[in-house]
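Structure record follows, encoded as structure tokens.
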Protein chains: 2
Amino acid sequence: MHQPKGISRSLSAIGIMAALVGGACSSKSEVTKGGVGTSASLTDLMKARNLSEADVNAALKTYTPTGRMDEYLTFASGGHGGQVIVIGVPSMRILKYIAVFTPEPWQGYGFDDQTKAVLAGGKRFGKDLTWADTHHPALSEQGGDYDGKFLFIGDKANARIAVIDLSDFETKQIVTSELIGGDHGAAFVTPNTDYIVETTQYPVPFGSVYADPAKEFKDKFRGAAIFWRFDRTKGRIDPEASFAVEFPPYTQDLADAGKLTSDGYAFFNSINTELTWGGNQEGNPPMESGYSKNDMDYLHVVNWRKAEELVKAGKAETINGMKVIRLATAAAEGVLTFVPESKSPHGVDVTPDGEDIVVSGKLDTHGTVFSFAKIKAQIDAKKFETKDPYGVPVLSFKDSIRGQVELGLGPLHTQFDDKGNAYTSLFLETVVAKWSVKDLKVIDKMPTHYNIGHLVAAEGDTIHPDGKYLIAMNKWALDRFNKVGPLLPQNFQLADITQTKMQLLYDMPIPLGEPHYAQMIKVDKLKPIDVYTPGEDPMTGKRSVNAVEPNKERVERRPDGVHVYMTAIRSHFTPDIVRVKQGDTVHWHIDNLEQAYDATHGFAINSYNINISIEPGEHSDITFVADKAGVFPLYCTEFCSALHLEMAGYFLVEPKI
Amino acid sequence: MHQPKGISRSLSAIGIMAALVGGACSSKSEVTKGGVGTSASLTDLMKARNLSEADVNAALKTYTPTGRMDEYLTFASGGHGGQVIVIGVPSMRILKYIAVFTPEPWQGYGFDDQTKAVLAGGKRFGKDLTWADTHHPALSEQGGDYDGKFLFIGDKANARIAVIDLSDFETKQIVTSELIGGDHGAAFVTPNTDYIVETTQYPVPFGSVYADPAKEFKDKFRGAAIFWRFDRTKGRIDPEASFAVEFPPYTQDLADAGKLTSDGYAFFNSINTELTWGGNQEGNPPMESGYSKNDMDYLHVVNWRKAEELVKAGKAETINGMKVIRLATAAAEGVLTFVPESKSPHGVDVTPDGEDIVVSGKLDTHGTVFSFAKIKAQIDAKKFETKDPYGVPVLSFKDSIRGQVELGLGPLHTQFDDKGNAYTSLFLETVVAKWSVKDLKVIDKMPTHYNIGHLVAAEGDTIHPDGKYLIAMNKWALDRFNKVGPLLPQNFQLADITQTKMQLLYDMPIPLGEPHYAQMIKVDKLKPIDVYTPGEDPMTGKRSVNAVEPNKERVERRPDGVHVYMTAIRSHFTPDIVRVKQGDTVHWHIDNLEQAYDATHGFAINSYNINISIEPGEHSDITFVADKAGVFPLYCTEFCSALHLEMAGYFLVEPKI
């Protein structure tokens, strides 16, 4: 095929630079003319596109030529889009949207029996939920480092957790507990992924049973942290082996698990020790002022290993199918302890060495650095300053902190690098503050555009952060991108954090969904498969009992309906004509016989709301009733070959007489 | 706020170049040290990231610094994802996914009454369809040029057309005709957007009524072109003023409208004059070989102004609610004429001057350039070579062409630039061929990675193409990006087409959906609004009768249920407590009182599958039954302020006694 006549690769770097740039030594040159099809010199290009030298530097740090791979993948939540967004770093190209809680037809997600069953796991009170507010993705860990095997993500709106297998980047499980009504601190994992932590945001009475907050808020409404047990061998959460710790109705917020010295503990912020419940047309102030009356809220310290022991010892009560350590037990047995924290905090982030816990109080200009050793010493000595109204022991604030760092306006969330620095997002000041964890001093601030929420650094919440890159996850985009109507994208800003001063590299719009938090992993930790084993059901990882072999395609009428055994291979389905009778239940079993990487087929039936994606080797099942008689084209929806348009046939439904 | 200490902007370009690059004049320098936080010289950077001079050139032609806008927007279909993708050019950043046929919760699309009604317009045979196979987007035109007002897109799977208003980038209407079973040549507009053209792909009997293709394919199955009338004032398709032209069941493919001299005509390819219908388990060969037996298929030439006259004259028959000019009438009255074309073509593309029609036969190595003048002369003279089996007059191939251009393997689709050149995608050869329309000679070929389907050039199908940029829309990505499991992104490749040789600039993965075709428009033609007028219902463009004013928030019990009149403004809903009784029908009316650009709020209710996006000024309605008693948090799902988490309340459903 066509080979561009390039300048010989044997030219020295110096020679190329001289040729490319020219400007510095001769006022004008068009060196690459006749070379690779470019004729503009670098100076001309910079002038034409109004690029500064900083822009050129940033361009070359992010531009990723054809066929070249990225160094990191970032998994960002998709907010109320209900998905996960996979982004290459430093190119900031979106490689995939993974459907999680929201049906998505390109992936066939929610359209075949397999993925319908995954979504059905997320029903609440018998209701289908076709969206979610995905907030915090968490990569699975071994020994406090990402292992690249699984990704978990929480649905704030409906208190659900999803499990994504990073061998095929597909959602395998959704769980929910009707104990709680929503979450926010979810998902966070313990250092060996024994548990996935999910914490309530807005409290409800357990099981969402009716109660009037005007009369019963304090007594009946409750928070909780659910510790979902993860079975690594099966790659699934085991609800039977999971448990919860009851909390007061304080509107818990973000969470983090202890690591190394603090392993076995988990930490949760709270933002409503005032017990405000709303009622701005019932004589109460607006919620946001009610929430902000107290100067201090409570950092919740949970000894989850102790909780695990109590559950094993039968000291949990089963409520809505979940084993719950009741508040009185948790308080009495040292499972739950409070430490005062600056009012209305958002992020709680454990340092890489596990020794400190950084709390960002969004209405305080400080970051507070709590010392786990100091907290544990007080707990061990039962040295409590007071108790909260629910009987939970409260430690001394001043005896629990290592110090505070003056950060600026609206600190939200903190990540770490490999050089002992922390990076905290400041929403109101709309900057990232870089500060020394040891010295508690700010080193640099980088403006963001605009209103940064969370941020993520390369492996920045593990015991071995990589440094290198940081992404500011900004909530408002305003004048950053071309106008696309009243609903704007968010703006991710990539920064180089290898030097003392942070350098802004790239502005990236998020075209779908509102990311809240992300995880950034080195790509060499990920080992996704290229194709499925022939006949494989992706949800079991095994050959389906209904897998269809070539030359064994057929249509069988059985007591439970008509079974279609179909194969797909470039460029036809076999059979390509399927005849049923109106009213038949149809069980469609289909295999993509391809084993070539990227040889995906789609399968759609006109007017029947059926479309699935069948990756190479994949087996899929679709069950439906042929309720409408007539002639319905079926075809491959993935442009698979030059004869793709011919990969079609008919679904013929003979009318009832 | 923070101001980085940059190198003074007054440095001359030459000076900056010398400082930045160094390499050409001195062997090593780290010039920007202490500058904007960068310390690597250009040579070091190129070495560190293994960039060639061509890479640097491409990087600087695409990199778009913070806050800088793109020159063009590309609207690409999202394939079986059912959306439209909005991409900035040259940065190749995705600015938005517009939900069209598939419900999407981030946009609240399919979750409020307004957008549910839009989706309901796309029901077929009473069935909800929650996906689509979006194929060909078409921008509205005035006088053959894009006017930036509307975008139309077809659903191949279910024969539907959607109307997107580019004032707010939202889908306003979906129409379908049960006359046909699916489309492919859709949407294409006539030069003043009088009509949006939709052509069948796989033929079915009109109305999808049952017939056995083994016995009745030739007699009962039919194709058609629907001319959907567009009412520019209302911004909606008027189905009553639309009509169809019946075609033989030849599997019509792509379409294009004539322009300038050929205005009033439309052109359609066909790929199955063999009348193959499948049946590979019923004694027939696979469809793909059946389709390829004949050397020539038929280019369908439709005189749509004549058709319009016939409809007005009452010569159409109403079938499935659509006025249809029957085949015999179309043939007899000069509405439909055939011209032989090389077998199994894909693209049919009218040149900017409207004089020629380029047909790419994917199993032929040529592009065939038909002359409209020659075709029209024969039609006017009723000089027909023969008739097809349905009585449609067939012109002489050799008397209809201006010539052929030897392109290469698998030509699919053609676009044009401002210098008289055409660009044709070659799927099998996996290149773009640039050729002179006048000379019928190939000038350049650019490899693509891999398997290019369609391509799009800047305003490349209008009467005034811009040249400048071209995007190759490649079907396979293989080794282009980091692995993300067996389902891969597609690969869009941006090329600079200002020089004789095309220059590859950028590889862009498509993370969701499989784009088929796109339209690229200069951004200055687009004038989207920033915010809605207070109380505006986006679907009517008018103030809603249920619009809620500040201080008039309330809950009213009426015979048809409970009406909630709620407002949203940073950082609370009013009322924030809503009390209803189990079984109540709830009519929720909500207004975002903000008028600040980007001050979007979300509104969600836990466990009730409710989430909408309310842009500034927007009014929205949600209707549902409060069937589950209990306590359900409601909250803002869009991170709107530092007190966003406090923007919450409760939906209280008192149980039936």
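The values are calculated or read from the model by the stated rules, or taken from the named source; none is laboratory data. What you are looking at is a predicted structure, and each value in this text was computed from that prediction instead of being measured. A quick note on method: Cβ atoms are made from the backbone with ideal geometry, for glycine too, and the neighbour counts reach across all protein chains shown. All accessible areas refer to the heavy atoms of the entire protein, side chains included, with ligands and DNA or RNA removed. Shrake-Rupley method; radii C 1.70, N 1.55, O 1.52, S 1.80 Å.
Looking at the range A:557-566, is at least one residue touching a strand residue (DSSP E or B) at 6+ places or on another chain (Cβ under 6 Å) and acidic (Asp, Glu)?
Quick first cut of the range A:557-566, residues touching a strand residue (DSSP E or B) at 6+ places or on another chain (Cβ under 6 Å) only: A:561-566.
Among the residues that remain, those that are also acidic (Asp, Glu) are: none.
No.
Taking the residues in the range B:271-297 that are open to solvent by less than 40 Å² (accessible area, probe 1.4 Å) and acidic (Asp, Glu) as candidates, determine which candidate is nearest to B:Val359 (Cα to Cα).
Per the criteria, the residue is B:Asp297.
Could you tell me which residue of the range A:489-512 is nearest to the other protein chains (Cβ to nearest Cβ), considering only residues that are without any contact (Cβ under 8 Å) to a residue 60 or more places away in the chain and open to solvent by 10 Å² or more (accessible area, probe 1.4 Å)?
My answer is A:Lys501.
Restrict the check to the range A:443-451 and report whether at least one residue is outside any strand (DSSP E or B), within 14 Å of another protein chain (Cβ to nearest Cβ), under 25 Å from B:Ile87 (Cβ atoms) and in contact with a Phe, Trp or Tyr (Cβ under 7 Å, 6 or more places away or on another chain). Step through it out loud before you land on a result.
Just the residues of the range A:443-451 that are outside any strand (DSSP E or B), to begin with: A:448-451.
Remaining after also requiring within 14 Å of another protein chain (Cβ to nearest Cβ): A:448-451.
Of the ones still in play, those that are also under 25 Å from B:Ile87 (Cβ atoms) are A:448-451.
So of that shortlist, the ones also in contact with a Phe, Trp or Tyr (Cβ under 7 Å, 6 or more places away or on another chain) come out as A:450-451.
Yes, the range A:443-451 has at least one match.
Conditions: (1) touching a Pro at 6+ places or on another chain (Cβ under 9 Å); (2) more than 9 Å from chain B (Cβ to nearest Cβ). A:Arg480 meets all but one. Number of the miss?
Evaluating A:Arg480 over (1) touching a Pro at 6+ places or on another chain (Cβ under 9 Å); (2) more than 9 Å from chain B (Cβ to nearest Cβ) leaves (2) as the failure.
Quick test of your reading of the structure: B:Ser544 fulfils all but one of (1) open to solvent by less than 50 Å² (accessible area, probe 1.4 Å); (2) out of contact with any Asp or Glu (no Cβ under 7 Å at 6 or more places or on another chain). Name the failing condition by number.
Evaluating B:Ser544 over (1) open to solvent by less than 50 Å² (accessible area, probe 1.4 Å); (2) out of contact with any Asp or Glu (no Cβ under 7 Å at 6 or more places or on another chain) leaves (2) as the failure.
Determine, yes or no, whether A:Glu308 is open to solvent by 30 Å² or more (accessible area, probe 1.4 Å) and not aliphatic (A, V, I, L, M).
For A:Glu308, the condition - open to solvent by 30 Å² or more (accessible area, probe 1.4 Å) and not aliphatic (A, V, I, L, M) - is met.
All but one of (1) within 20 Å of B:Asp133 (Cα to Cα); (2) polar (S, T, N, Q); (3) more than 28 Å from the chain's Cα centre (by Cα) hold for A:Thr623; which doesn't?
Among (1) within 20 Å of B:Asp133 (Cα to Cα); (2) polar (S, T, N, Q); (3) more than 28 Å from the chain's Cα centre (by Cα), A:Thr623 violates only (1).
Taking only the range B:377-387 into account, find how many residues are in contact with a helix residue (DSSP H, G or I) (Cβ under 9 Å, 6 or more places away or on another chain) and either open to solvent by less than 30 Å² (accessible area, probe 1.4 Å) or more than 14 Å from B:Lys398 (Cα to Cα) (or both).
Going through the range B:377-387 one residue at a time, the tally reaches 1.
Tell me whether the range A:605-628 contains one or more residues that are within 8 Å of chain B (Cβ to nearest Cβ), in contact with a Cys (Cβ under 9 Å, 6 or more places away or on another chain), part of a strand (DSSP E or B) and within 30 Å of B:Leu363 (Cα to Cα).
Checking the range A:605-628: not a single residue is within 8 Å of chain B (Cβ to nearest Cβ), in contact with a Cys (Cβ under 9 Å, 6 or more places away or on another chain), part of a strand (DSSP E or B) and within 30 Å of B:Leu363 (Cα to Cα).
Among the helices (runs of 4 or more DSSP H) contained in the range B:1-110, which hold 3 or more residues that are at the interface with another protein chain (Cβ under 8 Å from one of its Cβ atoms) and at pLDDT below 85?
Fully inside the range B:1-110 and qualifying: B:13-21.
Out of B:Phe243, B:Phe268, B:Phe169, B:Phe206, report the one residue that is of a type outside the set (Ser, Thr, Tyr), touching a helix residue (DSSP H, G or I) at 6+ places or on another chain (Cβ under 9 Å) and open to solvent by less than 10 Å² (accessible area, probe 1.4 Å). Show your work before the answer.
Values: B:Phe268 fails: touching a helix residue (DSSP H, G or I) at 6+ places or on another chain (Cβ under 9 Å); B:Phe169 fails: touching a helix residue (DSSP H, G or I) at 6+ places or on another chain (Cβ under 9 Å); B:Phe206 fails: open to solvent by less than 10 Å² (accessible area, probe 1.4 Å).
That would be B:Phe243, the only listed residue that is of a type outside the set (Ser, Thr, Tyr), touching a helix residue (DSSP H, G or I) at 6+ places or on another chain (Cβ under 9 Å) and open to solvent by less than 10 Å² (accessible area, probe 1.4 Å).
Using the structure shown, decide if A:Val578 is assigned to a strand (DSSP E or B) and in contact (Cβ under 8 Å) with a residue 24 or more places away in the chain.
On the way: assigned to a strand (DSSP E or B): yes; in contact (Cβ under 8 Å) with a residue 24 or more places away in the chain: yes.
When the stated conditions are applied, A:Val578 passes them.
Within the range B:576-609, how many residues turn out to be of a type in the set (A, V, I, L, M) and more than 38 Å from the chain's Cα centre (by Cα)? Outline the logic, then answer.
Filtering the range B:576-609 for residues of a type in the set (A, V, I, L, M) gives B:577-578, B:580, B:586, B:590, B:593, B:596, B:599, B:604-605.
Then drop every residue that is not more than 38 Å from the chain's Cα centre (by Cα), which leaves B:577-578, B:580.
Adding up the residues that qualify gives 3.
Starting from the range A:119-146, take each residue that is more than 24 Å from A:Ser167 (Cα to Cα) and free of Cβ contacts under 8 Å to residues at least 12 places away in the same chain and list its partners that are open to solvent by less than 10 Å² (accessible area, probe 1.4 Å) and not in a strand (DSSP E or B), counting only C-beta distances under 7 angstrom and pairs at least six apart or across chains.
A:Lys127/B:Ser607
Specify the residue that is farthest from the other protein chains (Cβ to nearest Cβ); the eligible residues are those in the range A:121-155 that are open to solvent by 30 Å² or more (accessible area, probe 1.4 Å) and assigned to a loop (DSSP other than H, G, I, E, B).
A:Gly143
Just to be sure before I move on: is B:Tyr195 at pLDDT 95 or above and open to solvent by 10 Å² or more (accessible area, probe 1.4 Å) in the structure I sent?
no
If you go through the range B:537-559, how many residues are assigned to a strand (DSSP E or B) and facing another protein chain (nearest Cβ under 10 Å)?
2
Can you pull out every residue in the range B:171-200 that is in a strand (DSSP E or B) and of a type in the set (Asp, Glu)? Quick ask: steps written out before the conclusion?
So the first thing to find is which residues in the range B:171-200 are in a strand (DSSP E or B), and the list is B:171-176, B:183-189, B:195-200.
Answer for the range B:171-200, where residues must be in a strand (DSSP E or B) and of a type in the set (Asp, Glu): B:Asp183, B:Glu198.
Taking A:Thr176 and the conditions (1) at the interface with chain B (Cβ under 10 Å from one of its Cβ atoms); (2) more than 28 Å from A:Ser620 (Cβ to Cβ); (3) open to solvent by 10 Å² or more (accessible area, probe 1.4 Å), which numbered condition does it fall short on, given that it satisfies the others?
(2)
On the phi < 0 side of the Ramachandran plot and either open to solvent by 20 Å² or more (accessible area, probe 1.4 Å) or not in a strand (DSSP E or B) (or both): does that describe A:Lys398?
yes
Hey, among A:Thr424, A:Thr430, which residue is more than 10 Å from chain B (Cβ to nearest Cβ) and open to solvent by less than 30 Å² (accessible area, probe 1.4 Å)?
Details: A:Thr430 fails: more than 10 Å from chain B (Cβ to nearest Cβ).
So the residue among A:Thr424, A:Thr430 that is more than 10 Å from chain B (Cβ to nearest Cβ) and open to solvent by less than 30 Å² (accessible area, probe 1.4 Å) is A:Thr424.
Hey, could you check the range A:397-435 for residues that are in contact (Cβ under 8 Å) with a residue 24 or more places away in the chain and among the small types (Gly, Ala, Ser) and say which is nearest to A:Val369 (Cα to Cα)?
A:Gly403
Within the range A:513-529, restricting attention to residues that are facing chain B (nearest Cβ under 7 Å) and among the β-branched types (Val, Ile, Thr), which residue is nearest to B:Pro90 (Cα to Cα)?
A:Val523
Of the residues that make up the range A:352-362, is at least one assigned to a loop (DSSP other than H, G, I, E, B), surrounded by fewer than 22 Cβ atoms within 10 Å (Cβ to Cβ) and of a type in the set (Lys, Arg)?
So far as the range A:352-362 goes, no, none of its residues is assigned to a loop (DSSP other than H, G, I, E, B), surrounded by fewer than 22 Cβ atoms within 10 Å (Cβ to Cβ) and of a type in the set (Lys, Arg).
Could you please give the count of residues in the range A:406-420 that are more than 14 Å from chain B (Cβ to nearest Cβ), assigned to a strand (DSSP E or B) and open to solvent by less than 20 Å² (accessible area, probe 1.4 Å)? Walk me through it before giving the result.
Going residue by residue through the range A:406-420, those that are more than 14 Å from chain B (Cβ to nearest Cβ) are A:406, A:414-420.
Within this subset, residues satisfying the condition of being assigned to a strand (DSSP E or B) are A:406, A:414-416.
With the extra rule that they be open to solvent by less than 20 Å² (accessible area, probe 1.4 Å), the set shrinks to A:414-416.
The total comes to 3.
Among the residues of the range A:325-350, count how many are part of a strand (DSSP E or B) and over 27 Å from A:Ala138 (Cβ atoms).
Number satisfying all stated conditions: 1.
Among the residues that make up the range A:198-206, is at least one of them within 14 Å of chain B (Cβ to nearest Cβ), in contact (Cβ under 8 Å) with a residue 40 or more places away in the chain and on the phi > 0 side of the Ramachandran plot?
No, the range A:198-206 contains no residue that is within 14 Å of chain B (Cβ to nearest Cβ), in contact (Cβ under 8 Å) with a residue 40 or more places away in the chain and on the phi > 0 side of the Ramachandran plot.
Among the residues of the range A:585-608, which ones are open to solvent by less than 10 Å² (accessible area, probe 1.4 Å) and aromatic (Phe, Trp, Tyr)?
Selection gives A:Trp588, A:Phe603.
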